[in-house]
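Heads up: the structure comes next, in structure tokens.
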Amino acid sequence: MALLTVGVRSSPSLASISVVMTSRPAAHLARTAAQGAGVRDASYLAAPPPERLKWDASLGAVTIILLLQVWGVAYVFPILAVRGLLSVVTCVTIFLLALDRDPHRRLSSLNRPVVRAALGLLLLAALSIPGSLDPEGSLETVFQDDLRAVLLMLLVAGTVRGVSDLRRRAWVQVAALTLFCAVVTARFWTGINDKRWSQIQYDVNDMAVLIASVLPLVLYLWRRPSGVWGRSLLTAAAVFLMLTLGRTGSRSGFLAFLTVGAYLLLWFRGISGAKRAAAVALLAILLVTLASGDYFQRIQLIFHPSKDYNWSGRSTTGRVELWKRGIGYMLSHPGLGVGAGAFQVAEGTLAPEARVQQYGQWWKWSVAHNSLLEVGAEIGVPGLIVYVVLVVCAFRALSRVRREASGELALLAQALIGSLIAFEVGAMFFSKAFAPYFYVLLGMIVGLAKIAASVHASASPAGRVWRRSVPTPNRGALPA
């Protein structure tokens, strides 16, 4: 809609009224007016108007997919473990999107570097099947895990219509993780670093990294006008998540927490420095208060790595020795790797130490415990390059939104940067290149970039601006 703006322009000899007809939206004009009046921070004026987007069938279906595929509600509540339920809901969601006429849900809106890199990685994983050390296992990995993860990213991004949909996604992530941690600790937790948690989709290390990655979303939701009830729920969730983090005993999770804490303290914008420092200090106090002495005994090994079994030469199953062998698999199979999901098979058949099995001795068939090595060894050097490009493209998309957008869009971009940083720090110690949670983050990033681009396009001049100067005989008639 065209807007009529009347302003006054003074000169040494004449005052005139400039009548400007433009198709720029009110947000753009508010920003210009505020800057012209000497206002330094006009982001709250330039923010897009509030959206009135309601829940619909597509959002509900994707939420069910998230609960099933990412947060394992079927593991937590066996009554929901219906065979084929995830596939049915996925097909229904695709059908709903195909029928949707919302312009924000068009397939063309997903043509972005992050999506292309993810599809390229999936293609390389599929190409590794014929030459895999375990072709049947690789086929199952690609179509049961990798394809579903990429499809989840597309569905999360494709159903986004505006920032309110992304806000709902953030609430689902926080609530689902909190519920998962509550049920798991109540039913299965028996002590620090209890590996039996791995029976229910995530082990203690996974849970610790997920907690660190979700914390920036908690801060983002708190920063918005959530109301008393919303902030009370977020406070309770933060307290319980820090309690669970202390129970995990995970050193990689602690490193992810330290990294995201440093990011929130030093580089996060949109919140004053004092409030950021208070938030990080509160989280640290909660961790110190709620964690047990056993937790910090394990954490101390970070500062004395030579005492840990993972140190080079101390154990053939330690991380350093495992990573050395992983580099060897990648160099011996540089083209398409040993096959998608076949790292464990390589450990049991190609590792020199695996020869002890011929004499009836036990040998552990380990996973890579590093996402870069997982991709490089299983899919080859091209896969490693594409994976790095995927992560870089995700950070670049968020950085662009942070620079060019304003208001809630910029705040959410910064929160997602923190979440992605925490996850990637954890990924240096786990095989998570095709983790569903990672692809939910990517889907939210693509959805945010899509909405930010739409807002930016609508804020650009769409028509010619014309001016008509009308002389006024009395300079004092209007304030100059």
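Every read-out reported here was derived from the displayed coordinates using simple, explicitly stated rules and does not represent laboratory data. Keep in mind that this is a model prediction, so the values were computed, not measured. We place every Cβ from the backbone using ideal geometry, glycine too, and count neighbours over all the protein chains shown.
What the table shows:
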{"quantity": "Least to most buried among GLU321, GLU353 (fewest other Cβ within 10 Å first)", "calculated": "GLU353, GLU321"}
{"quantity": "Simple label model, 7 Å out from Cα along Cβ direction - TRP267 to PHE95, nm", "calculated": "4.4 nm"}
{"quantity": "Inter-part distance where region 71-90 and region 341-403 are each reduced to a Cα centre, Å", "calculated": "28 Å"}
{"quantity": "Highest to lowest packing among 332-343, 435-446, scored as the average C-beta count within 10 Å", "calculated": "435-446, 332-343"}
{"quantity": "Spin-label model distance (nm) - TYR359 vs LYS54, 7 Å beyond Cα toward Cβ", "calculated": "7.3 nm"}
{"quantity": "Within region 107-195: Cβ-based charge dipole about Cα centre, in debye rounded to nearest 20 (Lys, Arg +1; Asp, Glu -1)", "calculated": "620 debye"}
{"quantity": "Dipole in debye (nearest 20) - region 246-390, about Cα centre, beta carbon charges: Lys, Arg +1; Asp, Glu -1", "calculated": "440 debye"}
{"quantity": "Exceeding the 25 Å Cα-Cα cut-off - candidates LYS275/LYS432; LYS54/LYS275; LYS54/LYS432; LYS364/LYS432", "calculated": "LYS275/LYS432; LYS54/LYS275; LYS54/LYS432"}
{"quantity": "Cβ charges +1 (Lys, Arg) and -1 (Asp, Glu), total dipole of region 327-469, debye", "calculated": "940 debye"}
{"quantity": "Selected from THR141, PRO130, ALA117, residue furthest toward positive end of dipole (region 102-166; charges at beta carbon)", "calculated": "ALA117"}
{"quantity": "Two-site FRET efficiency, TRP189 against ALA236, from Cβ-Cβ distance with R₀ of 22 Å, rounded to 0.05", "calculated": "0.70"}
{"quantity": "Rounded FRET efficiency, nearest 0.05, which uses the C-beta distance separating TRP229 from MET428 and R0 of 51 Å", "calculated": "0.85"}
{"quantity": "Ordering of 103-116, 202-215, 121-134 by burial proxy (mean other Cβ atoms within 10 Å per residue, highest first)", "calculated": "202-215, 121-134, 103-116"}
{"quantity": "Region 88-143 shape via C-alpha gyration tensor axes, a/c threshold 1.5", "calculated": "oblate"}
{"quantity": "Rounded, prolate or oblate (a/c below 1.5 giving rounded, otherwise prolate when a/b exceeds b/c) for region 91-232 by Cα gyration tensor", "calculated": "oblate"}
{"quantity": "ASP102/VAL392 FRET efficiency (R0 45 Å; Cβ-Cβ; nearest 0.05)", "calculated": "0.90"}
{"quantity": "Note, ³J(HN,Hα) from phi for region 406-422, Karplus 6.51, -1.76, 1.60, rounded to Hz, x at Gly and Pro", "calculated": "9, x, 5, 4, 5, 5, 5, 4, 5, 5, 5, 4, x, 5, 5, 4, 4"}
{"quantity": "Cross-link reach list, aspartates and glutamates versus LYS450, counting only Cα pairs under 20 Å and skipping chain neighbours closer than eight places", "calculated": "GLU51, ASP56, ASP100, ASP102, ASP165, GLU404, GLU408"}
